[in-house]
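Report on the following structure.
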Amino acid sequence: MRYLWLLVLFCSILIAAPPKVVVFDYGGVVARVNRKPVIEFLSESLGKSYRKVKKDFAREKLYHAFNEPTSYWEKYANHSLPQSWFDSLKVYKKAMIREVPEMRDVILEIKMQGIQVALLSNTTKYRAHFIESMGGYDLFDPILLSCYLGVSKPNPKIYRRLLQSLLWDAKDTVFIDNKKENVEASRKFGIDGIHFESVEKLKNDLRKREINF
């Protein structure tokens, strides 16, 4: 009888054990990328219409432009630009990435409990380079990005690649995404998926998985 009780206790501990790894989506969960302020700055400071600037720097073009030298921007402006303009551009560039309030604290708390924190994000190469240059990926290991994997969520192949990159099984893995279809796709592989709606709800969901805050 004593051994049976110990077996039940041991099994309950296993069931209540926290996950070994928590995998985050980036955009919409960890941070949001807002291009509008920098487009407005370029429009107002260079005397060009908002629509034209938005079109000229659509999609990848804006991230690519950030890597260009001074001469590129002066050619686009059709005149020389003072250093103060480039200083302002740096400020607007940095402000494009807005962390979701309290999310950094959540991630750091998870790491402090000895749980691995990884990233699985759909993105493009220029955007990924921009976010990386701003330190947006610093808290995660490994960092799995669709632009380098050649496949995007919710394609099943990306979840196979995720599990291959981790040291843990699917049952030990929690995946957090703000898109339901991505969460549902992860669950088909036995991954514990959480649909992100707010930081407070996420903390409650993680508490249910024995992660304390």
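Check region 104-112 and report whether any residue there is closer than 20 Å to residue 35 by Cβ, surrounded by 12 or more Cβ atoms within 10 Å (Cβ to Cβ) and out of contact with any Asp or Glu (no Cβ under 7 Å at 6 or more places or on another chain).
Scanning region 104-112, I find no residue that is closer than 20 Å to residue 35 by Cβ, surrounded by 12 or more Cβ atoms within 10 Å (Cβ to Cβ) and out of contact with any Asp or Glu (no Cβ under 7 Å at 6 or more places or on another chain), so the answer is no.
Select from region 153-185 the residues that are of a type in the set (Asp, Glu) and within 16 Å of the chain's Cα centre (by Cα) and list them in ascending order.
177
Do we find a residue being among the polar types (S, T, N, Q) and either farther than 30 Å from residue 46 by Cα or assigned by TED's automatic domain parsing to the domain that holds residue 25 (or both) anywhere in region 147-160?
Yes, region 147-160 contains at least one residue that is among the polar types (S, T, N, Q) and either farther than 30 Å from residue 46 by Cα or assigned by TED's automatic domain parsing to the domain that holds residue 25 (or both).
Given the criterion among the aliphatic types (A, V, I, L, M) and surrounded by fewer than 16 Cβ atoms within 10 Å (Cβ to Cβ), identify the matching residue among 202, 167.
Details: 202 fails: surrounded by fewer than 16 Cβ atoms within 10 Å (Cβ to Cβ).
None of the others qualify; the one that does is 167.
So residue 150 fits all but one of (1) closer than 28 Å to residue 64 by Cβ; (2) more than 16 Å from the chain's Cα centre (by Cα); (3) touching a residue at least 12 places away in the same chain (Cβ under 8 Å); what number is the exception?
Exception for residue 150: condition (3).
Please enumerate the residues belonging to region 105-132 that are over 17 Å from residue 177 (Cβ atoms), more than 11 Å from the chain's Cα centre (by Cα) and outside any loop (DSSP other than H, G, I, E, B).
Correct list: 105, 108, 109, 111, 112, 116, 125, 126, 127, 129, 130.
Taking region 127-164 only, how many residues are more than 16 Å from residue 21 (Cβ to Cβ), of a type in the set (Lys, Arg) and surrounded by fewer than 16 Cβ atoms within 10 Å (Cβ to Cβ)?
Number of matching residues: 1.
What are the residue pairs meeting all of these: first residue in region 47-70, first residue touching a residue at least 24 places away in the same chain (Cβ under 8 Å) and within 15 Å of residue 93 (Cβ to Cβ), second residue charged (D, E, K, R) and outside any helix (DSSP H, G or I), Cβ atoms under 8 Å, and 6 or more apart or on different chains?
Close Cβ pairs satisfying both conditions: 62/35.
Identify all residues within region 71-89 that are of a type outside the set (D, E, K, R) and assigned to a helix (DSSP H, G or I); write none if there are none.
Step one: list which residues in region 71-89 are of a type outside the set (D, E, K, R), which gives 71-73, 76-86, 88-89.
Answer for region 71-89, where residues must be of a type outside the set (D, E, K, R) and assigned to a helix (DSSP H, G or I): 71, 72, 73, 76, 77, 83, 84, 85, 86, 88, 89.
Show the residue pairs that are 6+ apart or on different chains and have beta-carbon atoms under 7 Å apart, the first residue being within region 27-45 and under 15 Å from residue 99 (Cβ atoms), the second being among the hydrophobic types (A, V, I, L, M, F, W, C) and outside any loop (DSSP other than H, G, I, E, B).
27/33; 29/176; 30/24; 30/103; 31/97; 33/97
For region 14-26, how many residues are under 26 Å from residue 89 (Cβ atoms) and either modelled with pLDDT under 95 or of a type in the set (Val, Ile, Thr) (or both)?
Qualifying residue count for the region: 0.
Tell me which strands (runs of 3 or more DSSP E) are completely within region 133-213 and hold 2 or more residues being farther than 23 Å from residue 63 by Cβ, or say none if there are none.
Those strands (runs of 3 or more DSSP E) span 173-177, 192-195.
Is it the case that residue 3 is farther than 17 Å from residue 94 by Cα, more than 30 Å from the chain's Cα centre (by Cα), among the aromatic types (Phe, Trp, Tyr) and modelled with pLDDT of 95 or more?
Details: farther than 17 Å from residue 94 by Cα: yes; more than 30 Å from the chain's Cα centre (by Cα): yes; among the aromatic types (Phe, Trp, Tyr): yes; modelled with pLDDT of 95 or more: no.
No, not satisfied.
Please work out which residue is surrounded by the fewest Cβ atoms within 10 Å (Cβ to Cβ), limiting yourself to region 88-100 and to residues that are in contact with a helix residue (DSSP H, G or I) (Cβ under 7 Å, 6 or more places away or on another chain) and over 16 Å from residue 46 (Cβ atoms).
Top of the filtered list is 95.
Check residue 119 against each of (1) surrounded by 15 or more Cβ atoms within 10 Å (Cβ to Cβ); (2) in contact (Cβ under 8 Å) with a residue 24 or more places away in the chain; (3) touching a helix residue (DSSP H, G or I) at 6+ places or on another chain (Cβ under 9 Å); (4) not β-branched (Val, Ile, Thr) and name the one condition it does not meet.
Only one criterion is unmet by residue 119, namely (3).
The values are calculated or read from the model by the stated rules, or taken from the named source; none is laboratory data. These numbers were taken from a predicted model, which means no experiment stands behind them. Here the Cβ is made from the backbone with ideal geometry for all residues, glycine too, and neighbour counts use every protein chain on show.
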